[in-house]
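Following: one structure in structure tokens, then a few remarks.
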Amino acid sequence: MKEFTKILSLFVLLFFFLGTSRLAAQQSAQSFDGSDLYAKYYLEHLPDDYNPNDGKRYPVLIALHGFGEGGNPSINSTKFLRSTGIPALIDNGSFPTSFTVNGKVFKFIVISPQLNQKNLSWYTPQVDYVVQQVKSIYANKADFQRIYLTGYSGGGAGVYTYPATATVLGNQIAAAVVCSGAAWYQNYTEISNIVNSSLPIWAFHNDGDPIVSLTSDQGWFYALNAAGINPKMKLTIYPNINQHDSWTRTYDPSQGNPNNIYQWMLQYSRPNIANPGTPVPPVPIASIPT
């Protein structure tokens with residue numbers, strides 16, 4: 001009987017441990033305020049020590065899906081988001097609970113919004129709507145100095161077009177990662193807007209992508225660097241791969257991945273952005289020659 005009780009106790013402890021570990025890795029379906037026609041639902045992943053009542057703030061990672069993961073305007077269909085990308089990593093428990101950069105530990109709030117129709121690309125109005133909703137919903141928990149943007153395929157298009165629309169928009173993002181970005185820049189104004197925001201960008205693309213040509217990311221890469229963006233845009237090309245999916249490899253957070261985009265993004269912040277409830281950072285005043 002004692003042996004049975006011991007085994008039962010171990011089983012209960014194991015079940016509790018596995019249950020709480022899975023709970024920490026889960027994400028839940030939520031909704032924005034509904035004022036945008038195309039973006040209503042999203043998946044929310046919170047850090048394992050998240051407490052809405054304390055003063056701790058977390059970096060936010062906004063992950064934009066591709067053409068195939070759009071939903072339905074009348075029902076919550078965020079289940080389609082869970083099949084690939086960062087939401088899939090969170091669901092299967094392989095997204096790390098924390099990242100250490102320069103001796104400091106960071107834990108992400110991950111927001112994976114969904115367009116309400118399939119085969120749509122992310123455009124600036126919807127991306128900005130998501131950014132502003134995040135700032136509103138998580139006003140007391142999000143670190144506004146560390147809002148990061150990533151996306152693949154049609155989501156990658158939104159990562160480019162958002163800061164390209166206006167410098168003030170690029171200034172809201174601390175760093176951006178694009179995978180197989182389905183957007184080509186249209187004019188020098190778009191390039192200038194991104195350059196003026198000094199937005200760090202890292203793009204990834206398969207050299208034989210049959211859906212979105214490598215020239216899309218190459219175009220941004222050459223134009224931005226030629227225009228003097230600082231820091232320089234990075235472009236990683238995966239050789240000898242004739243498929244569209246460059247994001248599974250890029251988003252892989254394992255130690256075996258030499259391109260850890262999460263640690264790379266966390267190197268950057270926007271110190272001139274004030275979080276709610278904190279003093280506005282002072283604006284440097286140039287000295288007047290006497």
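Each value in this text was obtained by applying a stated rule to the coordinates, not by laboratory testing. Computed from a predicted model, the values in this text were never measured in an experiment. So basically every Cβ, Gly included, is an ideal-geometry build from the backbone, and we count neighbours across all protein chains shown.
Tell me the Kirkwood radius of the stretch 171-249: reciprocal of the mean inverse pair distance over distinct alpha-carbon atoms, in Å.
The answer is 12.8 Å.
Quick one: helix 154-165 against the long Cα principal axis of the chain, what's the angle to the nearest 10°, folded into 0 to 90?
Helix 154-165 and the main axis of the chain meet at about 40 degrees.
Nearest 10 degrees, 0 to 90: what angle lies between the long axis of helix 124-137 and the longest principal axis of the chain (Cα atoms)?
The two axes meet at around 50 degrees.
Per DSSP helix of 4 or more residues, -39500 (n - 2.57); summed, then divided by the residues of the chain. What does that give at 222 nm, rounded to the nearest 500?
That comes out to -9500 deg cm²/dmol.
Compute the semi-axes of the equivalent ellipsoid of the chain, taking the square root of 5 times each eigenvalue of the Cα gyration tensor, and list them largest first in whole Å.
For the chain, the ellipsoid semi-axes come out as 33, 25, 19 Å.
For the stretch 92-235, what is the convex hull volume of the alpha-carbon atoms per residue, in Å³?
Each residue corresponds to 140 Å³ of Cα convex hull volume.
Starting from one equal scatterer on each C-alpha and no solvent at all, send me the Debye-based log10 I(q)/I(0) for the stretch 153-216 at q = 0.14, 0.19, 0.24 Å⁻¹, two decimals.
-0.37, -0.66, -0.97
Where the eigenvalues come from the Cα gyration tensor of the stretch 31-103, what are the semi-axes √(5λ) of the equivalent ellipsoid, largest first, in whole Å?
26, 17, 11
Calculate the dipole size of the stretch 61-178 relative to its Cα centre from +1 charges on Lys and Arg beta carbons and -1 charges on Asp and Glu beta carbons; express the result in debye to the nearest 20.
220
Mind checking which of SER153, PHE108, SER121 is farthest towards the positive end of the stretch 55-160's charge dipole, using Cβ charges of +1 (Lys, Arg) and -1 (Asp, Glu) about the Cα centre?
Looking along the dipole axis, the top candidate is PHE108.
Between their Cα atoms, which of LYS40/LYS107; LYS141/LYS234; LYS40/LYS135; LYS104/LYS232 are more than 27 Å away from each other?
LYS141/LYS234
Under the rule of at least 5 residues apart or a separate chain, name every residue whose amide H is placed under 5 Å from the amide H of VAL101.
PHE106
Could you give the size of the charge dipole of the chain about its Cα centre, using +1 on the Cβ of each K and R and -1 on the Cβ of each D and E, expressed in debye and rounded to the nearest 20?
580
In angstroms, what radius of gyration and Dmax does the stretch 56-96 have, counting Cα atoms only?
Spelled out, the Cα radius of gyration and Dmax of the stretch 56-96 are 12.1, 36 Å.
In degrees between 0 and 90, to the nearest 10, how far off the longest principal axis of the chain does helix 188-197 point, with axes built from Cα atoms?
So the helix axis and the longest Cα principal axis differ by about 60 degrees.
Report, please, the projected area of the stretch 135-182 averaged over directions, based on the convex hull of its C-alpha atoms, in nm².
Across all orientations, the stretch 135-182 yields a mean hull projection of 3.5 nm².
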